[in-house]
Amino acid sequence: MAMYGVPPGITNPPSPLPAGADGEHPKTTGTLVLVFVFLAAFATYYFVNWKLLSLVWRIG
Amino acid sequence: MSTAFRTCPVTRLKVHSQADALIKANAVAATIFLIVGGIAAFLVLLTRWQVVHLLDAAWFYRMLTIHGMSMLIFFILFFEMAVLYFAGPVVLSSRVPAPRIGWLSFVVMAIGALTVEWAMWTGRADVMFSSYVPLKAHWSYYLGVILFAVGALTVVGLFFASLVVAKRERTYEGSIPLVTFGALTAAIIAVVTLGHGAAIYIPTFLWSIGVMHVDPAVYRLVFWGLGHSAQQINLGAMVALWYMLGALTVGAVVLNEKISRSAFVLYILFINMAAAHHLLVDPVAGPAWKVWNTSYAMYLAVLASMVHGFTIPAGIEVGQRLRGVTQGMFGWLRKAPWGDPGFSSLIFSIVIFGFVGGITGVTFGTEQINLIAHNTLRIPGHFHATVVGGTALAFMGATYYLIPLIFRKQVAFWPLAKIQPYVFAFGMLVFTMAMTFAGTFGVPRRHWDITFSNTSFDLQYSPAVDLVIGIMAVGGLIAALGGAMYVLVTVWSVFFGRRFDLETVKTGGQI
Amino acid sequence: MHTALEPPKGVWWKPAGRAEKLWVGIAFGWCLVLFAMMPLWHLKGEQNTTGIRRKVEPEAFQARTIEFIQQYQIGTEKGIPVVEPPPGSDVYLLARMWNWVPILKLQKGAEYTLHLSSMDLNHGFNLYPMNINLQVVPDYDYALRIVPGEAGDLRIVCNEFCGIGHHTMIGKLIVVDESAETVTYGGGER
Ligand code: HEM
Ligand SMILES: [Cu+2]
Ligand SMILES: [Cu+2]
């Protein structure tokens, strides 16, 4: 039931969660992979910058 | 004043007519300042791109001040006022207590903002939004900021009152929803922030009329107590909207209330330290103070963002899996509604905020690394990723839901609206990364002429800088196009849009 | 389960799942690494921002700078004194709208204590091409021990907005390599 000018979240709202879904939830493997990619990018950029800093003059 | 309620046909929430009206007024005001700030962005960008070098020096610095104030203060805060009216009264199905005060605050904020705009456009305040003492603006500039802040603080008070009223009148069962909780943290932070604001703008106002002395270093400390804490408000509001968009677009679940709420509380606990990373190469504070404060007590606020950065996508993943979208590791992403501008904005906002804004922010805010970042283009590169690619984009995504739910209009130029987040996010990604990279060569921020054509000593940056600035300009122009698309779509929908009601949805709608 | 727009009913303080615990643990560990790097760099690193920080009257700083210039001046370029202080000495660099005074001539590998302050507004010290950045605040003297690492003809760009002439505010700093020059010219003459 798509409709011009209305986001699908409104015209086709997400179906109600199946009953009994409370408690343990399914695994979040995909998200875990993504956050580890993030951590790797973070660590790389962070330490590259320490390296760049170490190249400038001694100061303090 | 009317106290009529309507029942939202989609969410079944009871919406107070005054909440509707106040959200509309604040959202429209936000958009007006977005337009002003956007025009300034375009002009500033085309000046920094030295191939075009559009404005003369005086107008460049003036426009840069106008851009900073209109965007970072007026656009963002007016929109946040709308978010507070939404996350309080609307989400809790309650009334707006004392709507007259809401309107009064709106008028006070508008007068404050217009005063500041007047001072800036007439050349009375060429001081950048940071207005470091002893660089002096006309007193009306400081007065305007004070008025604006007082108005905003009153709205925050009204938000607290609406929580009390909703609780007392039992408009909901259980605890306040996570989205409201997030907005509550933003509101608490706003109180602290605006307290710093009073502590700095009132003395500075008095200094501008010649009755008080303000120490330049103390100014920087207290100003950033305001200036950076204000970014934590944006952060809290943005994360609350992330949770909201996840819920609306794909029915994302809250994995664990304890974890998400504790993370929000960490934001509140550590904002008072936020000034520190602006002062890392200042001649005042010592190393212990810098290390402790710039890390917000061992990076606990960073921890909070990393937690939300996990729980939000994981909530989407779990929501999808529970509904039977279980294919492979990323089926939940592939099968997601990418044509829903609310959803695409959400994902791009998280990615740009985290991968570009977050990583660069923590890195540049490290005590010693700040030596190779302070006041270079790396800094605006970083914060356009947080506050524009992150916050502003989340606001845009929320707007696509606000238009049908609150303005009760269909979103005009729907195909354009669907691609708008893609254009804006792509442009911002290129713009912020190129800007940050240009800063690595030491290229200064807030600078009219990096070719140093009329100076006593020459300086020529490596040709790579020209290339990178060119890429930055192209990215910025694409982002500006995305911003213009957003303005066109929202303004047209609100003023000339077709009425939206659930009956049209039930009958399949019409074009 | 419920979404973030629904009020949770009953007690929501429940134990977290495995994945959440794992990520919070790892993220916290990473935060500790971020935190530890700063004190560590104070111990092992060679670039720090501590220096000596104290209040100073702009006039007093200016007087000290003039005295310093008179003591070690070796010439003038573009109306700005060129000063060659001996290694190990305190050197003064004054920022004002819109130039840096004086032009310093330093030796590679020697240590100096560089004092920075401003006569008027905030200015920004950006050393090109090294990309070292410091905030120059009026009423404060920021003194850092600094060891030039390369010889060359360097620039000091102002990177804090300081009024309409901000972009013209550029200074010069010369670093000479005594040992290398001896080799090049053979005569040991300067
Ligand atoms: C398409 C959108 C935008 C473009 C192309 C853009 C471009 C720019 C450029 C070129 C600068 C100048 C950097 C410098 O010379 O130092 C700048 C500064 C700035 N921008 Fe934006 N911008 C955009 C949107 C925004 C938004 C939405 C916000 C805030 C919510 C924002 C906040 C700022 C701030 C605070 C500054 C710093 C001003 C200063 O240094 O005083 N910008 N922007
Ligand atoms: Cu300057
Ligand atoms: Cu300057």
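The values are calculated or read from the model by the stated rules, or taken from the named source; none is laboratory data. These numbers come from a predicted model, not from an experiment. Neighbour counts are summed over all protein chains in view; Cβ atoms, including those assigned to glycine, are modelled from backbone coordinates with ideal geometry. With ligands, DNA and RNA removed, areas are computed over all heavy atoms of the protein, side chains included. Shrake-Rupley method; radii C 1.70, N 1.55, O 1.52, S 1.80 Å.
For the reader, a short list of remarks on this structure follows.
- Odd one out for C:Gly10, checked against (1) assigned to a loop (DSSP other than H, G, I, E, B); (2) on the phi < 0 side of the Ramachandran plot: (2)
- Members of segment C:3-19 that are out of contact with any Pro (no Cβ under 7 Å at 6 or more places or on another chain) and under 21 Å from B:Leu245 (Cα atoms): C:Thr3, C:Pro8
- When residues of segment C:117-137 are limited to those that are of a type outside the set (S, T, N, Q), within 16 Å of ligand 1 (Cβ to nearest atom) and part of a strand (DSSP E or B), the one nearest to the other protein chains (Cβ to nearest Cβ): C:Gly124
- Among (1) under 21 Å from the mean Cα position of the chain (by Cα); (2) outside any strand (DSSP E or B); (3) free of Cβ contacts under 8 Å to residues at least 40 places away in the same chain, the one test that C:Leu114 misses: (2)
- The sole residue among B:Arg48, B:Arg62, B:Arg95 that is touching a residue at least 60 places away in the same chain (Cβ under 8 Å), in contact with a His (Cβ under 6 Å, 6 or more places away or on another chain) and over 27 Å from B:Phe495 (Cβ atoms) is B:Arg95.
- Any hit, segment C:117-128, residues being within 14 Å of ligand 2 (Cβ to nearest atom) and among the hydroxyl-bearing types (Ser, Thr, Tyr): yes
- Scanning segment A:41-58 turns up no residue that is over 30 Å from C:Gly149 (Cβ atoms), without any contact (Cβ under 8 Å) to a residue 24 or more places away in the chain and open to solvent by 60 Å² or more (accessible area, probe 1.4 Å).
- Check on B:Ala398, more than 9 Å from every other protein chain (Cβ to nearest Cβ), open to solvent by less than 10 Å² (accessible area, probe 1.4 Å) and outside any strand (DSSP E or B): yes
- Take the conditions (1) away from ligand 1 (no atom under 16 Å from the Cβ); (2) β-branched (Val, Ile, Thr); (3) under 14 Å from the mean Cα position of the chain (by Cα); C:Val157 misses just one of them, which is (1).
- The single condition from (1) open to solvent by less than 10 Å² (accessible area, probe 1.4 Å); (2) more than 9 Å from ligand 2 (Cβ to nearest atom) that C:Tyr140 fails is (1).
- Sub-8 Å Cβ pairs linking a first residue in segment C:149-171 that is facing another protein chain (nearest Cβ under 8 Å) to a second residue that is in a strand (DSSP E or B) and basic (Lys, Arg), at least 6 apart or interchain, are C:Gly149/A:Arg58; C:Arg155/C:Lys172; C:Ile170/C:Arg155; C:Gly171/C:Arg155, ordered by first then second residue.
- In segment C:142-179, of all residues being of a type in the set (Asp, Glu) and more than 10 Å from ligand 3 (Cβ to nearest atom), the one that is modelled with the lowest pLDDT corresponds to C:Glu178.
- Helices (runs of 4 or more DSSP H) completely within segment B:246-356 that count 3 or more residues being more than 9 Å from chain A (Cβ to nearest Cβ) and modelled with pLDDT under 95: B:257-270, B:287-294, B:296-322
- Identity of the residue in segment B:416-434, within 12 Å of chain A (Cβ to nearest Cβ) and buried (at least 23 other Cβ atoms within 10 Å of the Cβ), that ends up nearest to ligand 3 (Cβ to nearest atom): B:Pro421
- Filtered by the rule that a residue be under 30 Å from C:Glu46 (Cα atoms) and within 9 Å of chain B (Cβ to nearest Cβ), segment A:7-43 gives A:Phe38, A:Leu39, A:Ala41, A:Phe42.
- Residue count for segment B:154-182, restricted to those that are away from chain C (no Cβ under 14 Å) and crowded, with 21+ Cβ neighbours inside 10 Å: 5
- In segment B:453-471, the qualifying residues are those that are surrounded by 19 or more Cβ atoms within 10 Å (Cβ to Cβ) and touching a Lys or Arg at 6+ places or on another chain (Cβ under 8 Å), and the one that is modelled with the highest pLDDT is B:Ile469.
- The lone criterion from (1) without any contact (Cβ under 8 Å) to a residue 12 or more places away in the chain; (2) at the interface with chain B (Cβ under 8 Å from one of its Cβ atoms); (3) more than 30 Å from A:Thr28 (Cα to Cα) left unmet by C:Gly51 is number (1).
- Condition check for B:Phe413: within 28 Å of B:Leu241 (Cα to Cα), open to solvent by 10 Å² or more (accessible area, probe 1.4 Å) and among the aromatic types (Phe, Trp, Tyr): yes
- Residues (in contact with a strand residue (DSSP E or B) (Cβ under 6 Å, 6 or more places away or on another chain), open to solvent by less than 30 Å² (accessible area, probe 1.4 Å) and closer than 20 Å to C:Ile132 by Cα) located in segment C:30-70: C:Gln47, C:Gly51
- Of all residues making up segment B:444-464, the number that are more than 16 Å from ligand 2 (Cβ to nearest atom) and within 11 Å of another protein chain (Cβ to nearest Cβ): 6
- Per the conditions (1) in contact with a helix residue (DSSP H, G or I) (Cβ under 7 Å, 6 or more places away or on another chain); (2) within 23 Å of B:Pro380 (Cα to Cα), the sole criterion not satisfied by B:Thr154 is (2).
- Checklist (1) more than 26 Å from the chain's Cα centre (by Cα); (2) within 16 Å of ligand 3 (Cβ to nearest atom); (3) under 14 Å from B:Gln50 (Cβ atoms) applied to B:Pro444, failing item: (1)
- Residue count, segment C:72-96 (criterion: more than 10 Å from chain B (Cβ to nearest Cβ) and not in a strand (DSSP E or B)): 7
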